[in-house]
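Undergrad: Have a look at this one before I ask anything.
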Amino acid sequence: MSEQIDRIPFSFEIYQEGDITPVNLNVLKDYLKEKTAIRVFLRENIYEGLLKEQIEKMAQKMARIRIKEPQKGLLLKDPLKGEVAYEKERINDQAWRSFGILYEGVLYQKLLAEFPLKEKLDERYCSILITTQLIGTWDQNDHRYHLRTSIYGFPHIISIPGLVLAPAKPREFYIKRQMGLPVEILKEEYRGKFLDHEDSRMTEVIKGYIMQALFYQIMENPFCEDRDCRLFNAHWQQEMIHAQLNGKYEFCPKHESILEKIKNRTWNYPFQ
Amino acid sequence: MTKKIFTPVSEKDVTRAIVDGFAKQFIEYVESDCLIIGGGPSGLMVGRDVALKGLKTLIVERNNYIGGGFWIGGYLMNKVTVREPGQKILEELGIPYEEVTRGLYVADGPHACSKLIAAACDAGVKFANMTIFDDVILREGNRVCGAVVNWTPVQALPREITCVDPIALEAKVVVDSTGHDAFVVKKLEERGILKTSGYGAMWVEQSEDLVVEHTGEAHPGLIVTGMAVATTYGLPRMGPTFGAMLLSGRKGAQIILKAMGKN
């Protein structure tokens with residue numbers, strides 16, 4: 001039993017990349033403490049303290065992992081001067097907000113571990129980056145890259161624009177968009193049915209994704225099949241909003257019970 | 001006897017005036033501070049801003065008309081849109097506009113385009129229209145320091161009757177503002193000097209920011225602005241909104257001016 005208790009992280013280490021408004025980190029901190037009794041540390045911007053030469057190297061590598069053609073996969077080649085300059089500018093600007101480049105998610109995670117989080121990652125910590133950038137992973141089923149809301153591992157990455165763009169909006173939204181209706185008008189028509197940039201519900205939604213990261217770290221499975229549980233792996237905005245905001249309960253009975261045990265440190269893996 | 005409206009001049013005087021005027025300007029601009037390939041909105045914006053600071057600036061345009069796609073918006077409809085903060089440039093140029101929804105503005109295409117062209121002319125920009133980019137001039141370290149050009153019609157006619165060699169124009173800096181084609185960058189790619197990425201799916205919300213953010217020196221001596229930026233770096237395609245063209249042009253100009261110590 002003590003072995004399993006050891007898998008409960010000593011702390012949440014929450015980093016941010018760029019200006020992550022509208023996420024309220026203090027609300028997240030209070031929630032996690034309340035829910036898990038695990039300590040929470042809100043760390044500085046992830047690139048804080050990187051040396052000039054590290055930024056140079058990281059920018060070079062970051063510029064190489066752009067997915068330009070999602071259907072073709074990652075085409076590794078020397079980056080252009082302008083691409084490296086863009087990455088340097090982005091790393092140096094802690095208030096960076098814009099996005100649109102799709103990065104190879106697994107390699108992105110690896111770069112973070114190699115540079116800004118070098119010697120900071122440890123199984124004892126649940127290290128989470130909340131980013132303003134887009135990440136994707138290759139899908140073996142349809143042989144193309146897909147946007148992701150999150151990638152779990154060391155560190156766990158939760159993408160704010162990913163939460164807006166990765167889960168699909170209602171089908172009619174895309175049909176009407178193809179028919180030429182301006183996105184501003186469609187957003188008004190479908191208001192509330194999907195998460196938008198600057199959405200005031202973002203903090204609430206991220207709570208569930210941080211819990212998925214925690215379950216990944218402890219149980220090696222971040223997801224639950226119950227659509228009402230925050231651990232549900234949503235592929236549609238409607239599913240995500242339901243699971244995170246409108247479910248019957250916050251966590252299904254099974255996961256609620258595990259959380260109770262985590263909180264009370266009465267771990268008895270595999271929770272039968 | 002009725003007085004004639006116009007002063008009488010002979011045909012030869014008209015011809016001399018055209019040839020003299022063109023030749024004088026052309027000789028002067030065979031060497032310039034800033035040579036811009038492409039006279040669309042981003043190229044005009046670069047030209048206007050650098051010329052205002054005293055740089056000797058020439059815009060090469062393959063068409064007879066200047067302005068590129070700025071005359072019309074999407075689907076050949078002559079309204080152009082810009083998103084916040086692009087309207088600030090419209091204001092600066094004295095172009096009337098209306099707010100459509102929060103942060104989205106619409107202006108009359110002909111009015112916007114003609115005002116921008118006039119602003120470039122007033123700033124001192126000169127034009128070589130009906131002139132097509134053919135190749136780059138490279139110096140030590142493959143630095144771009146000029147362009148090889150020809151008359152546009154030469155490329156439109158069969159080679160047997162248009163065997164006209166091009167000529168070269170030199171400049172301290174060259175700007176590729178040739179739109180999606182990115183002709184200058186592509187020429188460097190043909191020579192194996194750099195590799196472009198083409199452009200991805202249309203995604204107007206993000207592509208405007210990315211175009212501006214990636215505007216800059218793509219290769220020593222070569223600044224890339226406007227839609228050529230999207231092609232060079234494989235950014236999402238732009239929809240029919242022009243704010244990024246204007247702001248990209250402005251950023252390109254700022255980079256040039258900084259490099260030349262004129263900011």
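The values are calculated or read from the model by the stated rules, or taken from the named source; none is laboratory data. Computed from a prediction, not measured in an experiment: that's the story for all the values here. Positions of Cβ are generated from backbone atoms using ideal geometry, with glycine treated the same way; all protein chains shown enter the neighbour counts.
Undergrad: Would you confirm, using the coordinates I've provided, whether B:Lys88 is surrounded by fewer than 21 Cβ atoms within 10 Å (Cβ to Cβ) and either free of Cβ contacts under 8 Å to residues at least 24 places away in the same chain or of a type in the set (Val, Ile, Thr) (or both)?
TA: The answer is yes for B:Lys88.
Undergrad: Among the residues of region B:92-136, how many are in a strand (DSSP E or B) and in contact with a Leu (Cβ under 8 Å, 6 or more places away or on another chain)?
TA: Residues flagged as in a strand (DSSP E or B) and in contact with a Leu (Cβ under 8 Å, 6 or more places away or on another chain) within region B:92-136 amount to 7.
Undergrad: Continuing with this model, one more query. Could you look through region A:170-190, keep only residues that are away from chain B (no Cβ under 11 Å) and of a type in the set (Asp, Glu), and pick out the one that is farthest from A:Trp236 (Cα to Cα)?
TA: The residue in question is A:Glu189.
Undergrad: Going by the structure shown, is A:Asp19 part of a loop (DSSP other than H, G, I, E, B) and either away from every other protein chain (no Cβ under 14 Å) or under 29 Å from A:Asp199 (Cα atoms) (or both)? First the steps, then the outcome.
TA: Working: part of a loop (DSSP other than H, G, I, E, B): yes; either away from every other protein chain (no Cβ under 14 Å) or under 29 Å from A:Asp199 (Cα atoms) (or both): yes.
Yes, satisfied.
Undergrad: Then there's this: Quick one: how many residues across region A:46-72 are assigned to a loop (DSSP other than H, G, I, E, B), surrounded by 13 or more Cβ atoms within 10 Å (Cβ to Cβ) and among the aliphatic types (A, V, I, L, M)?
TA: Selection size over region A:46-72: 4.
Undergrad: Being free of Cβ contacts under 8 Å to residues at least 24 places away in the same chain and part of a strand (DSSP E or B) is the filter here; which residues of region A:189-237 pass it?
TA: A:Phe232
Undergrad: Any idea which of A:Asp122, A:Asp93 is farther than 24 Å from B:Ala230 by Cα, out of contact with any helix residue (DSSP H, G or I) (no Cβ under 6 Å at 6 or more places or on another chain) and modelled with pLDDT under 95?
TA: A:Asp122
Undergrad: Could you say which residue among B:Val174, B:Val184 is in contact with a Phe, Trp or Tyr (Cβ under 7 Å, 6 or more places away or on another chain), touching a residue at least 40 places away in the same chain (Cβ under 8 Å) and over 30 Å from A:Gly180 (Cβ atoms)?
TA: Of the residues listed, the single one that is in contact with a Phe, Trp or Tyr (Cβ under 7 Å, 6 or more places away or on another chain), touching a residue at least 40 places away in the same chain (Cβ under 8 Å) and over 30 Å from A:Gly180 (Cβ atoms) is B:Val184.
Undergrad: Among the numbered criteria (1) more than 21 Å from B:His180 (Cβ to Cβ); (2) without any contact (Cβ under 8 Å) to a residue 12 or more places away in the chain, which single criterion is violated by B:Leu76?
TA: (1)
Undergrad: Could you say whether any residue in region B:4-21 is assigned to a strand (DSSP E or B) and either among the aliphatic types (A, V, I, L, M) or at positive phi (or both)? Working first, answer last.
TA: Step one: of region B:4-21, the residues assigned to a strand (DSSP E or B) are none.
Checked region B:4-21: no residue is assigned to a strand (DSSP E or B) and either among the aliphatic types (A, V, I, L, M) or at positive phi (or both).
Undergrad: Mind counting the residues in region A:126-146 that are within 18 Å of the chain's Cα centre (by Cα) and surrounded by fewer than 20 Cβ atoms within 10 Å (Cβ to Cβ)?
TA: Residues flagged as within 18 Å of the chain's Cα centre (by Cα) and surrounded by fewer than 20 Cβ atoms within 10 Å (Cβ to Cβ) within region A:126-146 amount to 4.
Undergrad: Of the numbered conditions (1) in contact with a helix residue (DSSP H, G or I) (Cβ under 8 Å, 6 or more places away or on another chain); (2) free of Cβ contacts under 8 Å to residues at least 24 places away in the same chain; (3) at positive phi, A:Gly180 fails exactly one; give the number of that condition.
TA: Just one mismatch for A:Gly180, condition (1).
Residues are listed down the side, and each one gets a yes or a no for (1) more than 17 Å from B:Thr232 (Cβ to Cβ); (2) more than 20 Å from the chain's Cα centre (by Cα); (3) modelled with pLDDT of 95 or more:
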residue	(1), (2), (3)
B:Arg102	yes, yes, no
B:Pro110	yes, no, yes
B:Cys145	yes, no, yes
B:Trp151	yes, no, no
B:Leu157	yes, yes, no
B:Asp165	yes, yes, no
B:Ala168	yes, no, yes
B:Ser177	no, no, yes
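Undergrad: Just checking, how many residues over region A:73-92 are at the interface with another protein chain (Cβ under 10 Å from one of its Cβ atoms) and loosely packed, with under 14 Cβ neighbours inside 10 Å?
TA: Residues that pass the stated criteria total 3.
Undergrad: So B:Val185 ticks every box in (1) modelled with pLDDT under 90; (2) farther than 21 Å from A:Ile65 by Cα but one. Which box is left unticked?
TA: (1)
Undergrad: Of B:Lys88, B:Lys24, which residue is basic (Lys, Arg), under 27 Å from A:Val183 (Cβ atoms) and away from every other protein chain (no Cβ under 14 Å)? Outline the logic, then answer.
TA: Details: B:Lys24 fails: under 27 Å from A:Val183 (Cβ atoms).
The conditions single out B:Lys88.
Undergrad: In region B:150-165, is there at least one residue being within 30 Å of B:Glu84 (Cβ to Cβ) and of a type in the set (A, V, I, L, M)?
TA: No; the residues of region B:150-165 include none that is within 30 Å of B:Glu84 (Cβ to Cβ) and of a type in the set (A, V, I, L, M).
Undergrad: Might you check whether a residue that is over 11 Å from the mean Cα position of the chain (by Cα), in contact (Cβ under 8 Å) with a residue 60 or more places away in the chain and within 14 Å of chain B (Cβ to nearest Cβ) occurs anywhere in region A:106-119?
TA: No, there is no match, as no residue in region A:106-119 is over 11 Å from the mean Cα position of the chain (by Cα), in contact (Cβ under 8 Å) with a residue 60 or more places away in the chain and within 14 Å of chain B (Cβ to nearest Cβ).
Undergrad: Within the group A:Ile160, A:Ile135, A:Ile128, A:Ile67, which residue is within 12 Å of chain B (Cβ to nearest Cβ), in contact (Cβ under 8 Å) with a residue 12 or more places away in the chain and not small (Gly, Ala, Ser)? Let's see the steps before the verdict.
TA: On the way: A:Ile160 fails: within 12 Å of chain B (Cβ to nearest Cβ); A:Ile135 fails: within 12 Å of chain B (Cβ to nearest Cβ); A:Ile128 fails: within 12 Å of chain B (Cβ to nearest Cβ).
Matching residue, one of A:Ile160, A:Ile135, A:Ile128, A:Ile67: A:Ile67.
Undergrad: When the residues of region B:59-74 are narrowed to those that are of a type in the set (A, V, I, L, M) and closer than 12 Å to B:Pro41 by Cα, which ends up modelled with the lowest pLDDT?
TA: Quick first cut of region B:59-74, residues of a type in the set (A, V, I, L, M) only: B:59-60, B:66, B:72.
When the remaining residues are screened for being closer than 12 Å to B:Pro41 by Cα, the result is B:59, B:66, B:72.
On the way: B:Ile59: 98, B:Ile66: 97, B:Ile72: 89.
Result: B:Ile72.
Undergrad: For A:Phe173, state whether it is surrounded by fewer than 20 Cβ atoms within 10 Å (Cβ to Cβ), free of Cβ contacts under 8 Å to residues at least 40 places away in the same chain and of a type in the set (A, V, I, L, M, F, W, C). I'd like the intermediate steps shown before the answer.
TA: Values: surrounded by fewer than 20 Cβ atoms within 10 Å (Cβ to Cβ): yes; free of Cβ contacts under 8 Å to residues at least 40 places away in the same chain: yes; of a type in the set (A, V, I, L, M, F, W, C): yes.
Yes; evaluated as a whole, the condition is true for this residue.
Undergrad: Then there's this: Take A:Val40 and decide whether it is outside any helix (DSSP H, G or I), in contact with a helix residue (DSSP H, G or I) (Cβ under 6 Å, 6 or more places away or on another chain), closer than 29 Å to A:Leu102 by Cα and of a type in the set (A, V, I, L, M, F, W, C).
TA: It is false that A:Val40 is outside any helix (DSSP H, G or I), in contact with a helix residue (DSSP H, G or I) (Cβ under 6 Å, 6 or more places away or on another chain), closer than 29 Å to A:Leu102 by Cα and of a type in the set (A, V, I, L, M, F, W, C).
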